[in-house]
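Below is one structure, written out as structure tokens; the observations come after it.
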Amino acid sequence: MHALVTGSAGFIGHALSQRLLAAGHTVTGFDGFSPYYDVALKRARHGQLAHHPGFEEIEGRLETPGALLDVMARTKPDLVFHLAAQAGVRYSLIEPGAYVEANLVGFANLLEAVRAHPVRHLLVASTSSAYGGNASVPFRETDRAVSPLTLYAASKLANEAMAHSYAHLFRVPTTAFRFFTVYGPWGRPDMALFLFTAKILAGEPIEVFGEGAAERDFTYIDDLVDAILALSERPPPLPSEGGPVSAADTLSPVAPYRLVNIGGGRPVRLDAMIGALETALGREAERILKPLPPGDVIRTHACPDLLRDLVGSLPETPLETGIPTFVKWYLDYYGAR
């Protein structure tokens, strides 16, 4: 099988590409190396992938007209995993144009490339931020998501709607998945676990938003990749060829399209996460308690029923296991620099 992975130098794209390559597949990795965070980390991730003979690196931006069309025409992938995006909730308050270009224009270009060169299955990353101001927990894929709190969340909701329209018009099986606070080795430096680790090791105080009471449904990177790969083998059927797998299914009645949460459904308080990090580091953190900033939500909590119905398993790595693994990677990676 040949896979195209957009955002292959990103946290999740790198981990997914590694697993695809290890399984004997070939991978075309497409990444623009955005300077949103440390480009050297992104280069190091791609450097790992480049050692594998089945990997091809292409540096380019989805926003560039025709860039992905040319790649698709030449490589003819069986699957497309779309993970490239301008991420970050708070950054969308500072640089909204980056989200319009990458997440809307770039995604439209990707859909046009898939339209011109259809694939067996298109898999599209979305986010738990799409639930926005939804006060009902756990978050179910069947909930109405019409109250995004940031442009980032709004852009991802738009991606879901755009993907559905193309699945309907051009019959490309498409699965969109909403991620819930992914963490682990090779993670993103803008996320809390990474930031807290750097601050604690430097002897600096950490800012704890929501005063430690905020809850997140943490998902370990290996569990996330397991779920993505399992879902890749379950393309949504055409309306005339199959129906919902359960009452929790979001299978469209007019398109081969489905939306799936990827989360274990076990939210953890932020102060408990910090406690697990302190244990792994062997150091205590000096905490500065602050209210939630604009755009943040007090809680994320995935309903995992549909994921379980589709693939038979759920993310289950506890923080007490995942955080020490991240800390070991962090010390190894940055200790060599």
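Given a cut-off of under 8 Å on Cα pairs at least six residues apart, what relative contact order in percent is computed for the chain? List each step's numbers first, then the result.
Values: 648 pairs, mean separation 59.5, N = 337.
Once divided by the residue count of the chain, the mean separation gives 18 percent.
Ignoring everything but the protein chains, give the 1.4 Å probe accessible area of residue 70 in square angstrom, nearest 10.
Probe radius 1.4 Å; accessible area of residue 70 about 110 Å².
Could you work out what % of the accessible surface of the chain is carbon and sulfur, using a 1.4 angstrom probe and leaving DNA, RNA and ligands out of the count?
On the way: 7600 of 13930 Å².
Ligands and nucleic acids excluded, carbon and sulfur reach 55 percent.
For the stretch 229-275, with only Lys/Arg (+1) and Asp/Glu (-1) charged at the beta-carbon, what is the dipole magnitude about the Cα centre, in debye rounded to 20?
Numbers: 4 positive and 4 negative charges, 30 e Å.
The calculation lands at about 140 debye.
Any idea how far apart residue 222 and residue 57 come out in nm if each label point goes 7 Å out from Cα toward Cβ?
2.6
Which of 164, 229, 205 sits closest to the plus end of the dipole of the stretch 152-251, meaning its Cα is farthest towards the positive end, when Lys and Arg get +1 and Asp and Glu get -1 on the C-beta?
164
Taking every DSSP beta bridge that has both residues in the chain, what percent is antiparallel when rounded to the nearest 5? Kindly include the intermediate steps, with their values, before the conclusion.
On the way: 2 of 40 bridges.
DSSP beta bridges in the chain are roughly 5 percent antiparallel.
Stokes-Einstein diffusion coefficient for the chain at 10 °C in a medium of 1.306 mPa s, Rh from the Kirkwood formula over Cα pairs: what value in µm²/s?
On the way: Rh = 20.3 Å.
It comes out at roughly 78 µm²/s.
When the expected Rg is taken as 2.2 N^0.38 Å, what fraction or multiple of it is the alpha-carbon Rg of the stretch 1-78? Could you put the intermediate results ahead of the total?
Details: Rg = 11.8 Å, N = 78, 2.2 N^0.38 = 11.5 Å.
Here the answer is 1.03, to two decimals.
The stretch 186-289: D in µm²/s via Stokes-Einstein (Kirkwood Rh, Cα pairs, 25 °C, 0.890 mPa s)?
Working: Rh = 16.7 Å.
Using the Kirkwood radius from Cα pairs, D works out to 147 µm²/s.
Enumerate the whole-percent occupancy of each 10 Å bin, from 0 to the last occupied one, for all C-alpha pair distances of the stretch 1-132.
With a bin width of 10 Å, the distribution comes to 12, 46, 34, 8, 0.
How many nm is it between the label spots at residue 23 and residue 290, if each spot is 7 Å from the Cα in line with the beta carbon?
About 4.0 nm, to one decimal.
Which whole-number percentage describes the relative contact order of the stretch 178-337, with Cα contacts under 8 Å and a sequence gap of 6 or more?
Values: 249 pairs, mean separation 58.9, N = 160.
The normalised contact order for the stretch 178-337 reaches 37 percent.
What is the stretch 22-172's relative contact order, in percent, from Cα pairs under 8 angstrom and six or more apart in sequence? Walk me through the intermediate numbers first.
Details: 171 pairs, mean separation 34.3, N = 151.
Contact order relative to length: 23 percent.
Estimate the FRET efficiency between residue 201 and residue 254 by the formula 1/(1 + (r/R0)^6), using the beta-carbon distance for r and 45 Å for R0, to the nearest 0.05. Each step should come with its number before you reach the end.
Details: r = 52 Å, r/R0 = 1.16.
Step by step, r from the Cβ atoms, then E = 0.30.
How large is Rg/Rh for the stretch 1-40, to two decimals, with Cα atoms and a Kirkwood Rh? Mind dumping the intermediate values first?
On the way: Rg = 10.6 Å, Rh = 10.4 Å.
Over the Cα atoms of the stretch 1-40, Rg/Rh equals 1.02.
Provide Rg over Rh for the stretch 249-296; use the alpha carbon set for both Rg and the Kirkwood Rh (inverse mean inverse pair distance).
Working: Rg = 18.7 Å, Rh = 14.9 Å.
That ratio is 1.25, to two decimals.
So, with +1 on the Cβ of K and R and -1 on the Cβ of D and E, and no other charges, what is the size of the charge dipole of the chain about its Cα centre, to the nearest 20 debye? Show your work: numbers first, answer last.
Working: 29 positive and 36 negative charges, 62 e Å.
Result for the chain is approximately 300 debye, rounded to the nearest 20.
Relative to the Cα centre, what is the charge dipole magnitude of the stretch 166-286, using +1 at the beta carbon of each Lys and Arg, -1 at the beta carbon of each Asp and Glu, and rounding to the nearest 20 debye?
Values: 10 positive and 16 negative charges, 104 e Å.
Charge dipole of the stretch 166-286: 500 debye, to the nearest 20.
The values are calculated or read from the model by the stated rules, or taken from the named source; none is laboratory data. This one's a predicted model, so the numbers in the text were calculated from it and none came from an experiment. No Cβ is skipped: glycine too gets one built from the backbone with ideal geometry, and neighbour counts run over all protein chains shown. The protein model used for the area step is the full one, side chains on, heavy atoms only, and it has no ligands, DNA or RNA in it. Shrake-Rupley method; radii C 1.70, N 1.55, O 1.52, S 1.80 Å.
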